[in-house]
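I have placed the structure first, in the form of structure tokens, so that the comments after it can refer back to it.
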């Protein structure tokens, strides 16, 4: 990790008058919107944490639009603070955080090629020792992310998965590459350890029994929304920490894990979900977990003209960024 001086200078740029300034210190409605108002950087040698847009929704089984998620989350993320006012974490002082652009697709209408594009992009990020925070896009993108990251570790990854669905369904409409299957694919390929995988907030979905049975049979810890209510966010976080232990852990948050009142703009909303406050407190309680990256997915701006889904998605991503930044600073 860079020293404090390098981190401070990382965020400075110059305007056309040659004047030095930090875009994070300007008005929130000014400058080009980037993730968290972080600099847009292509040289990964200067980056500790890369926030990555994944504008892809070819894996959706119902309502489309998540390909527009990264763009609107960028816009709403300009509302994020430089400090987590609850935990006191200042992520931009702990690490060099950059918006490193979007995954580029050569043929996004061919599912296996789109999957490969994501994997290749993340492989380059991991090879540069940059910790990734992905903004989707539908949840199918997590499979190639796990595939890329697993190649850089000596053991299968642990997973903390917050969602309303297990996403361990079988093939759908003739394809195994869809947003209901990433953790089934990752398990079958040995990318993740199902005994070190916890799924939180589960309550619905097509082929629900198939997915739920698969997760349970493989040894995943499945916490339904009813058990979440009974235990409370603090005990659920403790259970998550117990499940993953000290293993390299990937954190993935599907915005439909929230109740639709907080996230109406998503492809497969399920009523009776986690509140925004519970989600924030749950994530904050994961401080110290050995995170190697994460993602926030399934924001679909066309399905929510109010922008609240993207705002809450950006807020979730900020909480995740704080966790990853602490991981960088402790390395």
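The values are calculated or read from the model by the stated rules, or taken from the named source; none is laboratory data. The structure displayed is predicted, hence computed values, not measured ones. Don't worry about glycine lacking a Cβ; one is built from the backbone with ideal geometry, like all the others, and counts go over all protein chains shown.
A few points about this structure:
So that you can scan it fast, the table gives a plain yes or no per residue for (1) more than 14 Å from the chain's Cα centre (by Cα); (2) touching a residue at least 60 places away in the same chain (Cβ under 8 Å); (3) more than 19 Å from residue 142 (Cα to Cα); (4) assigned to a helix (DSSP H, G or I):
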position	(1), (2), (3), (4)
279	no, yes, yes, yes
282	yes, yes, yes, yes
293	no, yes, no, no
318	no, yes, no, yes
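- Test result for residue 231, under 15 Å from residue 278 (Cβ atoms) and either surrounded by fewer than 14 Cβ atoms within 10 Å (Cβ to Cβ) or free of Cβ contacts under 8 Å to residues at least 40 places away in the same chain (or both): yes
- Residue 102 vs. criteria under 15 Å from the mean Cα position of the chain (by Cα), at pLDDT 90 or above and either within 23 Å of residue 267 (Cβ to Cβ) or surrounded by 15 or more Cβ atoms within 10 Å (Cβ to Cβ) (or both): yes
- A single member of 301, 264, 260 is more than 17 Å from the chain's Cα centre (by Cα) and in contact (Cβ under 8 Å) with a residue 40 or more places away in the chain, and it is 264.
- Annotation note: of 167, 193, the sole residue that is buried (at least 16 other Cβ atoms within 10 Å of the Cβ), at pLDDT 95 or above and either touching a helix residue (DSSP H, G or I) at 6+ places or on another chain (Cβ under 9 Å) or part of a strand (DSSP E or B) (or both) is 193.
- Selection count, region 64-99, where residues are surrounded by fewer than 19 Cβ atoms within 10 Å (Cβ to Cβ) and more than 15 Å from residue 305 (Cα to Cα): 10
- Looking across region 43-94, the residues that are out of contact with any helix residue (DSSP H, G or I) (no Cβ under 9 Å at 6 or more places or on another chain) and part of a loop (DSSP other than H, G, I, E, B) come down to 43, 61, 62, 85, 88.
- When residue 154 is tested against (1) within 25 Å of residue 286 (Cα to Cα); (2) touching a residue at least 40 places away in the same chain (Cβ under 8 Å), only condition (2) is not met.
Conditions (1) under 24 Å from residue 47 (Cβ atoms); (2) assigned to a strand (DSSP E or B), marked per residue:
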| site | (1), (2) |
| --- | --- |
| 119 | yes, no |
| 123 | yes, no |
| 129 | yes, no |
| 135 | yes, yes |
| 145 | yes, no |
| 149 | yes, no |
| 177 | no, no |
| 184 | no, no |
| 187 | no, no |
